[in-house]
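See below for the structure under consideration.
Derivation of every value follows stated rules applied to the coordinates shown; laboratory data play no part. Bear in mind that the values here come from a model prediction, so they are computed numbers and not experimental data. FYI the Cβ positions are ideal-geometry reconstructions off the backbone, even for glycines, and counts take in every protein chain you see.
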Amino acid sequence: MITSKNIGILLDFIKNSKKNSDLYLLVKKNNISLSSKRESNFYIKNNNLETKINISKFYQSILNILLPILRKNKKLVIAQIGQSIDGRIALNNGNSHYINNPKSIIYLHCLRSISDAIIVGSNTIKKDDPLLTTRKIKGTNPKRIIIDGSLSLNNKYKIFNDGNENIIFTKSKKNIRLNNSRIIRLKEKNFTKNFITHIKKLKYKNILVEGGSKTISELINNKYIDILQFIIAPILIGTGINSLNLKEISNLNKAIRPKNNFNELDNEIIVNLFLNS
Ligand SMILES: NC(=O)c1ccc[n+]([C@@H]2O[C@H](COP(=O)([O-])OP(=O)(O)OC[C@H]3O[C@@H](n4cnc5c(N)ncnc54)[C@H](OP(=O)(O)O)[C@@H]3O)[C@@H](O)[C@H]2O)c1
C-alpha cells in the first residue's frame, strides 16, 4: 500500500534510478527494491504506472503528476502556486493558510522531495514562517534558497533555527549574521539575471520555486521557469494578493499560450504550463 510513510522513499528510489528504461520494483511497506519483471508489484513502463499493490486515487494522482518530471533526463525549474479560482495566493494581510485542501500539503511535500533546491522570496518567510521541509512524508529535504534583496530577515524565523542550511541571495551590503546561512551578495544591476547565472552554476537538477508572487513573476519575466504549476482550489477569495504580476501586454496575440495539461487532485485542479518547450 502507498501511504505518506513510504511515498517519500518511493519517490527517492525512482529519482535515483535510470531514466530511460522501464522500472520494475518490489514495494513492501517501507522497503523498495529493484526486481525482476515477474516478481515486481510496481512498474513504470513508458512513464505510465502499473501496480498490483493497493493505491488510493490521491496517491495515484500524485504519482501521475510527478512521474513525468522524475523520469525526465533534463534539468527542470518548476514554479508552483496554490491559488483560489479567482487567482489569489493570500489575503492582503498575508494570511494564506489554508487556501488549498490540507491534503494538498502532502502533494507539496512530495514535490519538494523530488527537488534538489527550493527558492522563496523574503516576504514568504516573513508572512508564513515556513520550514520548507518534507516532514509530512519524511522525504529528502531540498536545499533552501532565499532571495532577500534588502537583507531584511533576522534570526527569529524558523529556517534560521532548525539546523538545516540556507543560501541567502541579496543585493544589500548590510553586515548581519543569519544562523546556518551563507549570504551571497550580487550586484544590484541585473540582479535577477545574475541570480539565475549563479544558481545554474550550482548544478541542481530539479529546482522548485515556491513563491510568492513577486519572486515567481520576476523569474518568469526572465524566462527561468520551465513548468508553471497551479494548484487551483474551488474557492473565491475576492481582494487579495494576485498569484502573478507579469508585464502588461498591449494585445492578446502577445499572451503567453504554452503547451499545457491538467490533473485532478482531491477536488482541486493542477494545471501545468510548459513555458520553455
Ligand atoms: N499560496 C501559495 O502557493 C503561496 C506560496 C508562497 C507564498 N505565498 C504568499 O505570498 C505572499 C508573499 O508574496 P510576495 O509576492 O509579497 O513576496 P515574495 O515573492 O515572497 O518576496 C518578495 C521579496 O523577495 C525579494 N525578491 C524576490 N525576488 C527578487 C528578485 N528577482 N530581485 C530582487 N528581489 C527579489 C525582494 O526583497 P526586497 O524587498 O528586500 O528587495 C522582494 O520584495 C505571502 O502572503 C505568502 O503567504 C503563497
(message) P(r) for segment 106-159, please, calculated from all Cα pair distances in 10 Å bins and given in %.
(response) 25, 51, 22, 2
(request) Pull out the extension gain between residue 3 and residue 155, defined as 0.36 nm times the separation in residues minus the alpha carbon to alpha carbon distance; nm, one decimal. (result) 51.2 nm
(request) Give the distance, in whole Å, between the Cα centre of segment 236-277 and the Cα centre of segment 110-145. (result) 22
(message) Using Stokes-Einstein with the Kirkwood hydrodynamic radius over Cα pairs, what translational diffusion coefficient do you get for segment 51-135 at 20 °C and a viscosity of 1.002 mPa s, in µm²/s rounded to a whole number?
(response) 144
(request) Please figure out what share of the DSSP beta bridges in the chain is antiparallel and state it in percent, rounded to the nearest 5. (result) 45
(request) Calculate the all-directions average of the projected area of the chain's alpha-carbon convex hull, and give it in nm². (result) 15.6
(message) Quick check on the exposure proxy: order 218, 268, 165, 248 from fewest to most C-beta atoms within 10 angstrom.
(response) 248, 165, 218, 268
(request) Take 244, 228 and order them by how many other Cβ atoms sit within 10 Å, fewest up front. (result) 244, 228
(message) If each DSSP helix of 4+ residues adds -39,500 (n - 2.57) and the sum is divided by the residues in the chain, what number results at 222 nm, nearest 500 deg cm²/dmol?
(response) -6500 deg cm²/dmol
(request) Going by C-beta contacts inside 10 Å, put 97, 109, 198 in order with the fewest on the left. (result) 97, 198, 109
(request) Please label the shape of segment 169-211 as rounded, prolate or oblate, based on the square roots a ≥ b ≥ c of the eigenvalues of the alpha-carbon gyration tensor (a/c under 1.5 means rounded; beyond that, a/b larger than b/c means prolate, else oblate). (result) oblate
(request) With springs connecting C-alpha atoms under 10 Å apart, model the chain as a Gaussian network and identify which of 217, 152, 113 has the largest mean-square fluctuation. (result) 152
(request) Note the full-extension length gain between residue 105 and residue 46 as 0.36 nm times their separation in residues minus their Cα-Cα distance, in nm to one decimal. (result) 18.4 nm
(message) Bins of 5 Å, beginning at zero and ending with the bin holding the largest distance: percent of Cα pairs per bin for segment 7-56, please.
(response) 5, 20, 34, 31, 9, 0
